[in-house]
Amino acid sequence: MRTGFYTAVLADQPLADIASWAAAAGFDTLEIDVEAHLVKPELAPVIVDGVRARGIDVCAFTYFGNLLDFDQSARLRHRASVEAAVDAAAASGVGIIVIFPGRDESASEDANYDQLAAYLTSLAERAAPGNVKIAIENWPGPRNDYVATTPRGWAKLFDLAPHANLGLLFDPSHLVWQGIDHEQALREFADRVFLVHAKDTVIDRPRLQETGYFGRDWWRYRLPGHGEIDWPGMLGLLRELGFDGVVSIEHEDADWGATEDGDLRLRQDGLDEGLRVLHAAMADLP
């Protein structure tokens, strides 16, 4: 397994500077945020070569957007950006595109899955000649209703679109606060996991007792090692299941600067801390 991080936490920094810092810090690879650091996808080969020249690889391009948006102009815009990212990945030798499924709130559940499966079929076919994999991140969206972000949803989608290069960016932090056993989910869908996010969730149980699941502020995202997840156990399970890809830190921990105006050094310290936890956990693996 290799280690990396998602560059969105350093969206205000030039990618060349991020790559130089990441290589010096001991990371192996970067997961590049398309909107922040791949503004011109047609320049991807030059951009990726520049990153690699600094001693670090690129494991994925990640694009955030509701691919089922009810607003047709927004839907088309998101899809065009994803398709451009797929072509950019193929042209630059990047093996994974990370996407978010979304939801059309005007359509039924089944219609959402049918629409998503049809689009992802065309996307997977577009990506296959360039050896690019499509990985769905299991974030349930701003209204907690995105389709295909839970074990039941994955099973339904992969039944409708059983393409070998369509799979998951597996982020256990999203499953923790939904009450889903992330290790059981990982075991069930291990063959579909292309990339893993190293992000944790902490639960404030006194607050949860006071407010219940529909209350606010009883959970929040943390760096690995600062929440509920047993990272030695998680990484050990990944190894047991044969995963040999990238574990990428998604830094959204406000205690370590992941806020709108967060201090750069503190954000970098957070990435250092996440890497320390991952390396320590990997060192203990058999």
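Summary of values
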read-out: Residues located in the stretch 82-118, provided they are small (G, A, S) and either on the phi > 0 side of the Ramachandran plot or out of contact with any Pro (no Cβ under 8 Å at 6 or more places or on another chain) (or both); value: A89, G93, G95, G102, S106, A107, S108, A111, A117, A118
read-out: Residue within the stretch 68-81 that is hydrophobic (A, V, I, L, M, F, W, C), within 22 Å of L195 (Cα to Cα) and touching a helix residue (DSSP H, G or I) at 6+ places or on another chain (Cβ under 7 Å) present; value: no
read-out: The one condition in (1) of a type outside the set (V, I, T); (2) at negative phi; (3) in a loop (DSSP other than H, G, I, E, B); (4) over 19 Å from the mean Cα position of the chain (by Cα) that M282 fails to fulfil; value: (3)
read-out: Residue pairs meeting the criteria (Cβ under 9 Å; at least 6 apart or on separate chains; first surrounded by fewer than 14 Cβ atoms within 10 Å (Cβ to Cβ) and β-branched (V, I, T), in the stretch 261-286; second modelled with pLDDT of 95 or more and assigned to a helix (DSSP H, G or I)); value: none
read-out: For D181: the one exception among (1) surrounded by fewer than 20 Cβ atoms within 10 Å (Cβ to Cβ); (2) in contact with a Gly (Cβ under 9 Å, 6 or more places away or on another chain); (3) closer than 22 Å to E137 by Cβ; value: (2)
read-out: Residues (in a loop (DSSP other than H, G, I, E, B) and at negative phi) located in the stretch 55-64; value: I56, Y63, F64
read-out: Helices (runs of 4 or more DSSP H) within the stretch 160-212 that include 2 or more residues in contact (Cβ under 8 Å) with a residue 24 or more places away in the chain, within 27 Å of A127 (Cα to Cα) and small (G, A, S); value: none
read-out: Residues that are within 25 Å of P224 (Cα to Cα), in a loop (DSSP other than H, G, I, E, B) and either among the small types (G, A, S) or free of Cβ contacts under 8 Å to residues at least 40 places away in the same chain (or both), drawn from the stretch 15-54; value: G26
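The values are calculated or read from the model by the stated rules, or taken from the named source; none is laboratory data. All values reported here derive from a predicted model rather than from experimental measurement. Virtual Cβ from ideal backbone geometry, glycine too; neighbours counted across all protein chains shown.
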